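Just below is one structure, and these are the notes that go with it.
The values are calculated or read from the model by the stated rules, or taken from the named source; none is laboratory data. Treat the numbers as computed from the prediction; the structure is a model and nothing was measured. Positions of Cβ are generated from backbone atoms using ideal geometry, with glycine treated the same way; all protein chains shown enter the neighbour counts. What goes into the accessible areas is simple: the full protein's heavy atoms, side chains included, and nothing from ligands, DNA or RNA. Shrake-Rupley method; radii C 1.70, N 1.55, O 1.52, S 1.80 Å.
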Amino acid sequence: MATPINLGPIHHLRLTVTDIQRSRDFYTRLLGFEVAAESPPEGDPSAEAAYPILWGGIVMIRGNVLMGLRPMAPAGDRFDADRVGLDHLSFSVANRAELEQARSWFDQNGVPHGDIRELPSFGIYILPFRDPDDIQVELTAPLA
């Protein structure tokens, strides 16, 4: 039986973060996202109308990926992959050489990361790392 909903790729995702500036810097500086929309400052006449859309945060874009950051988590809160919700987030790169370039970039910028691992049953390599709120992020490349 065919699925009644013809899904396309993921349109967007939003991460709840503790520090919007720190997360913004991480995703823009290290992963190349650009800010596409930003919440107006407090007191701005448009702030109230924008709040239910942006939640005091930002929306960034990289290629076809839209990702929002929502600064609603209390300071000191940390991601837990064992709670209901997101386990990790994975972005594709073209090949293993790009994973190796990313590993060097992370090393230059002091970003802790795991080893590049081969997952033959999935046909991919992965390079895991964590964002400032401890959300696991991966870069994934196809096996040659």
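See the values below:
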| quantity | calculated |
| --- | --- |
| Distant-in-sequence amide H partners of Ile135 (H built 1.01 Å from N, under 5 Å) | Phe79 |
| Accessible area in square angstrom per residue, the range 66-116, 1.4 angstrom probe | 63 Å² |
| Relative contact order [Cα under 8 Å, 6+ residues apart], the chain, whole percent | 23 percent |
| Accessible surface of Glu38 - all protein chains present, 1.4 Å probe, nearest 10 Å² | 100 Å² |
| About the Cα centre, charge dipole magnitude for the chain (Lys/Arg +1, Asp/Glu -1 at Cβ), debye | 280 debye |
| Shape parameters for the range 1-56, alpha-carbon atoms, Rg then Dmax in Å | 15.9, 53 |
| DSSP-defined beta bridges in the range 4-72 - what % are antiparallel, rounded to 5 | 65 percent |
| Spacing of the two label points (7 Å from each Cα toward its C-beta) at Glu34 and Ile5, in nm | 3.1 nm |
| As computed over the range 1-131, the Cα convex hull volume per residue (Å³) | 175 Å³ |
| DSSP beta bridge pairing in the chain, given as percent antiparallel to the nearest 5 | 70 percent |
| nm² value of the averaged projected area, convex hull over the Cα atoms of the range 87-144 | 3.9 nm² |
| Low-density loop cleavage sites - trypsin sites (Lys or Arg not before Pro) in the range 55-101, where at most 16 other Cβ are within 10 Å (DSSP) | Arg78, Arg83 |
| Residue-by-residue Karplus 3J(HN,Hα) for the range 32-39, coefficients 6.51, -1.76, 1.60, Hz, glycine and proline x | x, 5, 10, 6, 9, 8, 9, 5 |
| Amide proton proximity set for Met60, modelled H, under 5 Å, gap of 5+ | Ala36, Met67, Gly68, Leu69 |
| Ile124 long-range amide H proximity, modeled H, under 5 Å | Leu119, Leu143 |
